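The values are calculated or read from the model by the stated rules, or taken from the named source; none is laboratory data. Owing to the predicted nature of the structure, the values given are computational and were not obtained by experimental measurement. Glycine also receives a Cβ, built like all others from the backbone with ideal geometry; neighbour counts cover every protein chain displayed. All accessible areas refer to the heavy atoms of the entire protein, side chains included, with ligands and DNA or RNA removed. Shrake-Rupley method; radii C 1.70, N 1.55, O 1.52, S 1.80 Å.
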Amino acid sequence: MNYDHQLLLQLPLFLGMGHSELADISSQGPVAGTHMKRGTILVSENQACTALIQVVRGTVVASTRSDDNSYEIEEVLQAPLLIQPEYIFGISQRYTATFRAQTYCEVIRIEKPMVLRLMEKSMAFRLNLMNIVATQSQRYSRRLWHQMYEDIEKRIVRFIKDRCVYPAGQKILRTKMTVLAREIGCSRLEVSEALHRMEEKELLIVKRTIIDIPMLQLL
């Protein structure tokens, strides 16, 4: 499935390009997309990152686990979405999360050799990719310097936000309260009481080993 130029020019990687420049790029090989059915794994944790993967339409779920597998965060993310572009270069070139299609999705995959050609030939593409990666890097680097709150509810919110790809939308934390208490430096009872206060405010839903946050931005 080939995409028309008007659609491509609306995507983050192609912003600022002219139709003639995009036509020149397309002449080297069409920018094609594929359809992904609901439940299809787009990328898996630890899979080698050999391409830029752009979700054009649809909704995906990103699942990220801690190194010791004691907790996992699921995020519902809407297109357009570029999946972890910061891992196509650098010391670690493997995805750190699993992304699967929650709905029907349309996906563009640009293999690494094509990415290198685009970076060489197109200033706009090169700047777009650099801006995306730099923004992600800056966002991650600032997390270590955020204030550590005394309030347990705020500690829980920060714990979740600091581990999310995008700081809004639905998030699901799968863990035990003892693990969450350990991670934020308080007792299990304090965590339980704080979660139930937040549940009373209809900010989240607490189930066994699951904390469902419908809209993280409301926290």
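One residue alone among GLN136, GLN84 is of a type outside the set (Lys, Arg), open to solvent by less than 70 Å² (accessible area, probe 1.4 Å), under 16 Å from ALA62 (Cβ atoms) and touching a helix residue (DSSP H, G or I) at 6+ places or on another chain (Cβ under 6 Å), and that residue is GLN136. Residues in region 82-91 include at least one that is closer than 28 Å to GLY39 by Cβ, part of a helix (DSSP H, G or I), of a type in the set (Phe, Trp, Tyr) and touching a residue at least 12 places away in the same chain (Cβ under 8 Å). Residues satisfying the criterion are present in region 207-217 (criterion: part of a helix (DSSP H, G or I) and either at pLDDT 90 or above or more than 21 Å from the chain's Cα centre (by Cα) (or both)).
Within region 172-188, track down each residue that is open to solvent by less than 80 Å² (accessible area, probe 1.4 Å) and in contact (Cβ under 8 Å) with a residue 60 or more places away in the chain. Across region 172-188, the qualifying residues are ILE172, LEU173, THR175, VAL179, LEU180, GLU183. For region 160-194, the set of residues classified as within 17 Å of ASN69 (Cβ to Cβ) and within 23 Å of the chain's Cα centre (by Cα) consists of ARG163, ILE172, LEU173, ARG174, THR175, LEU180, GLU183, listed by residue number.
Residues in region 88-108 that are of a type in the set (Ser, Thr, Tyr), open to solvent by 50 Å² or more (accessible area, probe 1.4 Å) and under 13 Å from the mean Cα position of the chain (by Cα): THR96 alone.
Scanning region 40-70 for residues that are in contact (Cβ under 8 Å) with a residue 60 or more places away in the chain and surrounded by 20 or more Cβ atoms within 10 Å (Cβ to Cβ), we see that the one that is farthest from LEU216 (Cα to Cα) is LEU52.
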